[in-house]
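Report on one structure; see the data block that follows.
The values are calculated or read from the model by the stated rules, or taken from the named source; none is laboratory data. Given the structure is predicted, the values throughout are model-derived calculations rather than measurements. In this analysis, Cβ positions are derived from the backbone assuming ideal geometry, glycine residues included, and neighbour counts consider all displayed protein chains.
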Amino acid sequence: MKCQYACGTAEHVLERRKFLGTIAGMAGAATLGAPRMVQAVMPELVAGNKHIIMIWLAGGVSQLETWDPKPKTNTGGPFRAIPTSVPGMHICELLPHTAKQMHHLAIVRSINTKENDHGKGAYCMTTGRKQEPVADYPHLGAVGAKLLAPEDSPLPGHIHVSPGGSGGSGNNAAYLGPRYASIILGDGNPPRNTTPPEGITPEGDNRRHAFRASVNDHFAKRRRWAESDAFLSSFDQARQLMERRDVFDVSKEAAKDQERYGNSEFGKQLLLARRLVEQGVSCVQVTHSNYDTHYENFDFHIEQLGEFDQPFATLVADLVERGLWEKTLVVVMSEFGRTPSINQFHGRDHWGTAWSVALGGCGIQRGAIIGKTNDNGTEVADREVDHGHLFHTYLSAIGVDSSGEIVAGGRKLPMADPAAAPITELLA
Amino acid sequence: MNDAPAPAASADAPQADPKLTHAAGEWKYTSPLLSCRFDPSGQFVFCSAQDNSVQRWNIASGQATALNAHDSWVRALAFNPSGNHVYTGGYDGRVFVWETSAEQPTPLRSLNAHGDVAHDGWVRAIAVSPDGKTVATCGNDNLVRLWNAEDGNLQNVLSGHSKHVYNVMFHPDGTRLISGDLKGEVREWDLGTSEQLRTLDGGTLWKYDEGFRADIGGVRGIDFSPDAALLACGGISEVSNAFAGIGNPLVVVFDYATGEKKQSLVTSKKLRGTIWNVHCHRQGFVIGCDSGHEGGHLLFWNTNDPNEFFDFKLPNLCYDSDLHSDGLRVVTAHQDNVLRIWRMTAPAA
C-alpha cells in the first residue's frame with residue numbers, strides 16, 4: 001500500500017519493485033551490458049538474493065604491488081610478478097594466495113579517475129560520481145541495499161565493517177535516506193547499544209515498545225514524513241537486531257573456518273562478511289587500513305597485503321564452494337592507486353591516473369583483464385575507464401539496468417552517471 | 001655493519017675529525033642507490049641500486065663493474081675477513097657469493113635453504129664471523145640462518161623473532177651473534193649452542209601506528225664499539241605520522257655487559273628522519289647516517305652526550321653508509337643516483 005506523506009509528494013521511498021519491473025520490461029530491448037535481464041523474470045527474482053561485498057583498501061593500495069606489476073622497470077620497485085591460475089595473467093608476488101583464485105576474478109587495469117584527493121577519490125569510487133557542491137549521491141552499498149535488501153529483512157541492508165569507529169551509522173545514503181546508510185561495525189563488533197539495558201525485563205521492554213508505537217501511530221495520522229518513517233523503522237530494526245545479535249558474532253563460525261581466515265583483524269572481518277552475506281545482508285563493506293604509503297611503500301605493502309592475501313583468497317574460494325559466487329559481487333578497490341614513480345622516501349604517492357581494481361562474482365567475467373597501462377605504468381594505454389564506468393558495471397553485474405532511474409523525493413534521478421556506461425566486455 | 005672490528009689505531013695513525021668532513025669523491029649511476037660497503041682492502045666500494053644490480057666501483061680509477069644476478073633490490077652486502085669474497089643478499093630472498101675482485105663477476109655459489117632462496121621473502125642483512133667460517137643471514141621470514149662459509153651449506157636456523165629481522169652482526173669475539181628486528185628487539189645468540197641468551201630492549205625504535213594499523217621502525221643499523229663494550233642500534237623513533245615517515249632519528253646505545261640502555265643519541269634539531277646505518281668509530285664517537293624530511297645527514301655523537309656534536313648536511317637523501325677501514329672515510333649511497341665518499345680530515349692543500 002502506498003502511503004501519503006504530509007508534504008503531499010509522491011512516494012519518497014524508491015518503488016523498488018515497480019522500478020525493477022520497469023527495468024525487467026526494458027530488458028528485452030536492452031543491448032548495453034545487460035544480457036542477463038530476461039523480460040519474463042519477475043523483478044524480485046532479477047535482484048533476489050544478490051549481494052555485494054566491497055573490500056576497501058583505505059589510503060590507496062598500489063596497483064604495482066597488486067594487480068598491475070611492472071618488474072624490472074624504473075617504476076617497478078623490488079617486487080616480482082607471479083603467474084596466476086589464469087594463463088598469461090600475472091600479479092604481484094605479494095598476493096600468492098590470491099593468484100590461485102584469479103580464475104574467478106577479473107582485473108581492470110585502466111582506471112583514470114583524474115582524482116588524487118583521498119576524500120574526493122573515495123567519493124568517486126563509492127558513488128560513481130564526482131563530488132559536487134550542489135548534489136550528493138548514494139554509496140554503492142546504499143544503492144545495493146535499496147535494490148537488493150528485502151523490505152522486511154530483520155537485518156540492515158548495508159553494513160560497513162570498519163577498523164575502529166564507534167559502531168554508529170554512516171552518512172552515505174544521500175537521497176535514498178538514512179535507512180540505507182551503512183551500519184558501522186567498529187572493529188567488527190556488533191552494532192552499539194544492541195544489548196538490552198540492565199534492569200529492563202523482556203516484558204517491560206515490550207510494554208515500552210507498545211507505548212512508543214501507539215504514540216507514534218497517533219502522530220503519524222496527521223504528520224507523516226519519509227524521515228519519520230525512517231525514524232520509526234530504525235526502532236523496529238534495532239529491536240530485530242537485538243534479537244539477532246549473534247549474526248555479528250564471528251566466533252559462532254566453525255573453528256576450522258576461523259583458522260582458515262587467520263588471526264588477523266582483517267581475516268576475522270572477512271569471515272564476518274561471509275557470515276553476514278550468508279545470513280542475508282545485501283551489502284557489506286570491509287575496510288582494511290592502511291595503504292597510504294608515502295614512506296617505505298614496499299615494507300608497508302608487505303605488511304598490509306600480507307594480512308589481506310590469504311583471508312581474501314579464502315573468502316573467494318569459500319563463496320565459490322558455497323554456491324554464493326554467482327550471487328555475490330566482490331570488489332576490491334581504493335580511492336586511487338599510487339604513483340608509479342618511487343619518491344625519495346621509497347614511498348609512492350596518490351595516483352588516480354592509471355590504476356586498477358579487482359572484482360568478481362555475479363555477472364563478472366572470470367579471468368578477464370580489462371585495459372592496460374604502458375610499460376612502466378605511467379599512463380593508460382588501452383580502454384580507459386573511470387569510476388562512472390565501474391559503478392555502472394557493478395549495477396549491471398547484480399542484474400540491474402544501470403541506465404535506469406531512482407525515484408526519490410518525487411524526482412527521477414539516474415542511478416548512475418548518464419555520461420558513463422557499463423564495461424560490457426567485463427560482464428559475463 | 002662492519003663484520004670485523006676496526007684495527008686499533010697506531011699512535012701515529014691519522015686521526016679523524018668529523019668537523020673537517022669534506023667531499024673526497026663521487027660517482028653517478030643511472031638508478032637510485034640503496035646500500036654501500038667498502039671492501040676490507042679499501043680498494044673498492046660495492047653499491048646496490050634500484051635497478052637490481054650491484055656496482056663495484058674502483059676507488060682509484062672510478063671504474064664501475066656490475067654484479068648482476070638478483071631479481072630484486074639488494075640491501076645486504078658483506079665481506080669475509082680476508083676480503084676475497086663478497087656476499088650479496090636481495091629482496092628476492094637470494095644470497096650470492098662472489099669473488100670480490102673478479103674481472104667479470106659471476107656468482108661463485110648461492111646459499112640455499114630451499115630451492116634457490118636463503119630466506120622466504122627479503123634478505124635484510126648478512127654478516128660473516130670474525131674467523132670467516134660462518135655466514136649469518138636474516139630476513140622477512142623472521143629467521144636468522146647460519147651457513148658454512150666454506151661450502152655454503154646451511155648449518156643452523158635461529159628462530160624466535162616475531163617480526164622481520166632487519167639486522168645481524170657477530171660479536172667481535174665470534175662466540176655470539178646479535179640480531180635486531182622490526183620491533184626493535186635485539187636478541188643475543190650463543191653460537192655454540194644456538195640458544196638465545198637474552199633480549200635487549202630497543203623498543204623505542206618501533207611503533208605500532210594505530211591509525212595506520214601497521215608497524216614502523218626497526219633496527220636499521222647496528223654496530224659494536226671496537227672494544228665491544230657498547231652496542232649501537234639505529235632507526236626511527238617518536239613516529240607521529242607513519243604515512244609520511246615522520247619521526248626522529250635515534251641511536252640506542254646499550255652497555256653490552258649489562259644489556260642496559262646506556263644512552264639514547266638524538267638530534268638537537270627535529271630532522272624527521274631515520275638512521276639507516278650506524279658506525280662506532282675507533283676514536284670513540286658514533287656516526288649515524290640519517291635521511292628524512294630534512295634531507296640527508298651524517299650525525300656524530302659522543303656516547304656520553306645525547307645530542308650530536310656535529311651534523312654534516314649531505315646534498316641528498318642517503319639510505320646507507322659505511323666506514324672505511326682507515327677510519328678516515330665514509331661512503332654514502334644516495335637517492336639521486338650518486339655514490340659519495342667523505343673524508344674526515346683537513347682537505348689537502
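Within the stretch B:296-304, none of the residues are out of contact with any Leu (no Cβ under 8 Å at 6 or more places or on another chain) and within 28 Å of B:Ala64 (Cα to Cα). Restricted to strands (runs of 3 or more DSSP E) entirely inside the stretch B:291-340, those with at least 1 residues that are touching a Ser or Thr at 6+ places or on another chain (Cβ under 6 Å) are B:310-314, B:318-323, B:329-334.
Could you tell me whether the stretch B:278-288 includes any residue that is away from chain A (no Cβ under 14 Å), surrounded by fewer than 20 Cβ atoms within 10 Å (Cβ to Cβ), farther than 18 Å from B:Val331 by Cα and in contact with a Ser or Thr (Cβ under 9 Å, 6 or more places away or on another chain)? So far as the stretch B:278-288 goes, yes, one or more of its residues are away from chain A (no Cβ under 14 Å), surrounded by fewer than 20 Cβ atoms within 10 Å (Cβ to Cβ), farther than 18 Å from B:Val331 by Cα and in contact with a Ser or Thr (Cβ under 9 Å, 6 or more places away or on another chain).
When the test is whether a residue is surrounded by fewer than 20 Cβ atoms within 10 Å (Cβ to Cβ), among the charged types (D, E, K, R) and either within 14 Å of another protein chain (Cβ to nearest Cβ) or farther than 24 Å from B:Lys28 by Cβ (or both), B:Asp92 does not pass it. A:Phe219 meets all of the listed conditions (1) outside any loop (DSSP other than H, G, I, E, B); (2) at positive phi but one, namely (2).
Yes/no per residue for (1) buried (at least 21 other Cβ atoms within 10 Å of the Cβ); (2) part of a helix (DSSP H, G or I); (3) touching a strand residue (DSSP E or B) at 6+ places or on another chain (Cβ under 6 Å); (4) among the β-branched types (Val, Ile, Thr):
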site: A:Val284; (1), (2), (3), (4): yes, no, yes, yes
site: A:Tyr295; (1), (2), (3), (4): yes, no, no, no
site: A:Leu315; (1), (2), (3), (4): yes, yes, no, no
site: A:Val320; (1), (2), (3), (4): no, yes, no, yes
site: A:Gly323; (1), (2), (3), (4): no, no, no, no
site: A:Val331; (1), (2), (3), (4): yes, no, yes, yes
site: A:Asn343; (1), (2), (3), (4): no, no, no, no
site: A:Arg348; (1), (2), (3), (4): yes, no, yes, no
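Taken over the stretch A:157-188, the criterion of being more than 14 Å from chain B (Cβ to nearest Cβ), closer than 13 Å to A:Phe248 by Cβ and part of a loop (DSSP other than H, G, I, E, B) is satisfied by A:Gly167 alone.
Name the single residue, out of those in the stretch B:8-61 being at pLDDT 95 or above and in contact with a His (Cβ under 7 Å, 6 or more places away or on another chain), that is farthest from the other protein chains (Cβ to nearest Cβ). Out of the qualifying residues, it is B:Ala16.
Considering (1) free of Cβ contacts under 8 Å to residues at least 24 places away in the same chain; (2) of a type in the set (D, E, K, R); (3) closer than 24 Å to B:Glu185 by Cβ, the lone condition that B:Lys313 does not fulfil carries the number (3).
Among the residues of the stretch A:336-362, those that are farther than 18 Å from A:Thr113 by Cβ and within 13 Å of another protein chain (Cβ to nearest Cβ) comprise A:Ser341, A:Ile342, A:Asn343, A:Gln344, A:Phe345, A:His346, A:Gly347. Looking across the stretch B:202-232, the residues that are among the charged types (D, E, K, R) and either modelled with pLDDT under 95 or in contact with a strand residue (DSSP E or B) (Cβ under 7 Å, 6 or more places away or on another chain) (or both) come down to B:Lys207, B:Asp209, B:Glu210, B:Arg213, B:Asp215, B:Arg220, B:Asp223.
Residue-level analysis places B:Gly217 among those that are buried (at least 23 other Cβ atoms within 10 Å of the Cβ) and in contact with a Leu (Cβ under 8 Å, 6 or more places away or on another chain). Being under 13 Å from B:Gly288 (Cα atoms) and within 14 Å of another protein chain (Cβ to nearest Cβ) is the filter here; which residues of the stretch B:202-247 pass it? Scanning the stretch B:202-247 gives B:Val219, B:Arg220, B:Gly235, B:Ile236. Taking every residue in the stretch A:293-310 that is more than 9 Å from every other protein chain (Cβ to nearest Cβ) and pairing it with any residue that is basic (Lys, Arg) and surrounded by fewer than 21 Cβ atoms within 10 Å (Cβ to Cβ), at least 6 positions away or on another chain, yields no pair with a Cβ-Cβ distance below 7 Å. The number of residues in the stretch B:23-33 being surrounded by fewer than 24 Cβ atoms within 10 Å (Cβ to Cβ) and in a strand (DSSP E or B) comes to 6.
Right, A:Ala122: over 17 Å from A:Ala416 (Cα atoms) and small (Gly, Ala, Ser) or not? So A:Ala122 fails the test. Exactly one residue out of A:Pro191, A:Pro196 is assigned to a loop (DSSP other than H, G, I, E, B) and closer than 27 Å to A:Phe308 by Cα: that is A:Pro191. For B:Thr65, state whether it is surrounded by fewer than 23 Cβ atoms within 10 Å (Cβ to Cβ) and touching a Gly at 6+ places or on another chain (Cβ under 8 Å). The answer is no for B:Thr65.
Restricting attention to the stretch B:150-189, and to residues there that are of a type in the set (A, V, I, L, M) and surrounded by 21 or more Cβ atoms within 10 Å (Cβ to Cβ), which single residue is farthest from the other protein chains (Cβ to nearest Cβ)? By that ranking, first place goes to B:Leu177. Residues in the stretch A:182-235 that are more than 30 Å from A:His139 (Cα to Cα) and touching a residue at least 40 places away in the same chain (Cβ under 8 Å): A:Pro196, A:Arg222.
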